[in-house]
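For reference, the structure is listed below as structure tokens.
The values are calculated or read from the model by the stated rules, or taken from the named source; none is laboratory data. Keep in mind that what you see is a predicted model, and the values were worked out from it rather than measured. Reconstructed Cβ throughout: ideal geometry from the backbone, glycine too, with neighbour counts over all protein chains shown. With ligands, DNA and RNA removed, areas are computed over all heavy atoms of the protein, side chains included. Shrake-Rupley method; radii C 1.70, N 1.55, O 1.52, S 1.80 Å.
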Amino acid sequence: RQVRAALSSGRIIPYYQPQFDLETGAMVGAEVLARWVRDERIVEAMVFLAAIDDYETAPMIGAQITRQVVENMATYKTAFADAVPFSMNISRSQIRNHEFLTLLPQLLNPDAVSYQDFIIYLSHDPLT
């Protein structure tokens, strides 16, 4: 319940972890992580994941984060000519969710944000 309340109040946010090329030091991407802000602090990932108590919540979080990431990517690409792709992990429950699968194509606009701006990984967690 706490996670759903946080989701509805906008306290589940995308957190961007930069990825670097070890040879050149150049930033080559950013991994998008969902984070829960509670009491002005970011909740540790393991606590956050343990608080997701049903299979319906993960796709809801995924959808909200995806919307925010597409908006952020559009702003990012406008500000930086050499924008790097964002990578996101999605769960098996999201892959099975028809609404989630139709969301990304609906959000993308080839003039602002396209498929080339995203790398999507399937979560290896056997419980999701």
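Numerical summary
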item	result
For I119, distant residues with modelled amide H under 5 Å away	F86, S87, M88
Exposure rank, largest accessible area first [I12, I119; 1.4 Å]	I119, I12
Antiparallel bridge percentage (DSSP; both residues within the chain; nearest 5)	60 percent
Cleavage-rule hits, chymotrypsin sites (Phe, Trp or Tyr not before Pro), the stretch 1-70, DSSP coil, Cβ neighbours within 10 Å at most 14	Y55
Amide hydrogen neighbours beyond the local backbone of G29, cut-off 5 Å, H modeled	Q19
From phi via Karplus (6.51, -1.76, 1.60), per-residue ³J(HN,Hα) for the stretch 41-49 in Hz, x at Gly/Pro	10, 8, 6, 4, 4, 5, 5, 4, 5
Solvent-free Debye scattering, log10 I(q)/I(0), computed from the Cα coordinates of the chain at q = 0.11, 0.15, 0.20 Å⁻¹	-0.40, -0.75, -1.25
The stretch 1-98: GluC sites (Glu not before Pro) in DSSP loop, at most 14 other beta carbons within 10 Å	E23, E40, E44, E56
In sequence order, calculated HN-Hα J values of the stretch 91-102 (Karplus, 6.51, -1.76, 1.60; Hz; x Gly/Pro)	8, 4, 5, 5, 4, 7, 8, 4, 4, 5, 5, 8
Karplus (6.51, -1.76, 1.60) ³J(HN,Hα), θ = phi - 60°, over the stretch 25-31, in Hz, Gly and Pro reported as x	x, 6, 6, 10, x, 8, 8
